[in-house]
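Below: the structure, in structure tokens.
The values are calculated or read from the model by the stated rules, or taken from the named source; none is laboratory data. This is a predicted model, so every value here is computed, not measured. Every residue, glycine among them, receives a Cβ derived from its backbone with ideal geometry; neighbour counts consider all protein chains shown.
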Amino acid sequence: MFETASKEGLLDHKFILQKAARDLVNEKLHSDPLLNPKSHDSSSPLYINTNDTINRNSTASVAVFHGVSEREKAHLATMWILLGQPVCTVAVPLWANASDIPPELTGPHTAALNDFSRALASHLYPDQRGNLYQYLNISRLLQYGRDGVLNRLLKIENEVFTRTEKKLKEWEKKKPGHQDIIDFEKEISAWVLESLKKSFPDI
């Protein structure tokens, strides 16, 4: 996967977060449920076992560090975090210079963003009997609200990428202050959680 992406010039943080981390291919079965999916009948949904995929039912989070090659631009190095199972959450950016965590990503017991991710996971893994908790409802992933859970997550995440890239260009021209970074972290994290709630009103 990574070799192909590298040859095609596609290997970057977006590829790792959106493609690799959310990969649902079972190599032993040579199957990718996201390619040419059959028509889904809600009365007879398609399930896959995610115990042997990169995106596993047990995956708790993903972190990707997007570094820079020039020391004087070290403040632009970004940590992207998927808090929760990748197909149930959206990537948000963090920076070491902030030395602070947005409230949506932390808490005394759990984080609000992770709570939402777990609720969405319960929707995608509806049967908890025996080992059935390992089975992802692909029909819901691809057809929730007609456009699917994954498409709605990626729409939000792509907007996060767009806003962050714009901010990084500003910071490249003028190094941000400590509070500037904290403010943007809080702004983007709050927007993500609010967008998720609006996109999945019944979760």
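Screening region 61-105 for residues that are part of a loop (DSSP other than H, G, I, E, B), at pLDDT 95 or above and of a type in the set (G, A, S) and picking the one that is nearest to I203 (Cα to Cα) gives G84. May I ask you to say which residue of L142, L113, L136 is touching a Phe, Trp or Tyr at 6+ places or on another chain (Cβ under 9 Å) and touching a residue at least 40 places away in the same chain (Cβ under 8 Å)? Among L142, L113, L136, only L136 is touching a Phe, Trp or Tyr at 6+ places or on another chain (Cβ under 9 Å) and touching a residue at least 40 places away in the same chain (Cβ under 8 Å). Just checking, does region 19-35 include any residue being assigned to a loop (DSSP other than H, G, I, E, B), free of Cβ contacts under 8 Å to residues at least 24 places away in the same chain, of a type in the set (A, V, I, L, M) and over 30 Å from K173 (Cβ atoms)? Within region 19-35, one or more residues are assigned to a loop (DSSP other than H, G, I, E, B), free of Cβ contacts under 8 Å to residues at least 24 places away in the same chain, of a type in the set (A, V, I, L, M) and over 30 Å from K173 (Cβ atoms). Listed by first and then second residue, the pairs with beta-carbon distance under 6 Å, at least 6 apart or on different chains, first residue in region 162-181 and closer than 12 Å to A98 by Cβ, second modelled with pLDDT under 95, are I181/N97; I181/A98. When the test is whether a residue is more than 13 Å from A91 (Cβ to Cβ), in contact with a helix residue (DSSP H, G or I) (Cβ under 6 Å, 6 or more places away or on another chain) and modelled with pLDDT of 95 or more, K167 passes it. Look at (1) surrounded by fewer than 16 Cβ atoms within 10 Å (Cβ to Cβ); (2) of a type outside the set (G, A, S); (3) touching a Leu at 6+ places or on another chain (Cβ under 7 Å) and you find that Q18 fails only one, number (1). Of the helices (runs of 4 or more DSSP H) contained entirely in region 117-203, those carrying at least 3 residues that are surrounded by 15 or more Cβ atoms within 10 Å (Cβ to Cβ) and of a type in the set (S, T, Y) fall at 178-199.
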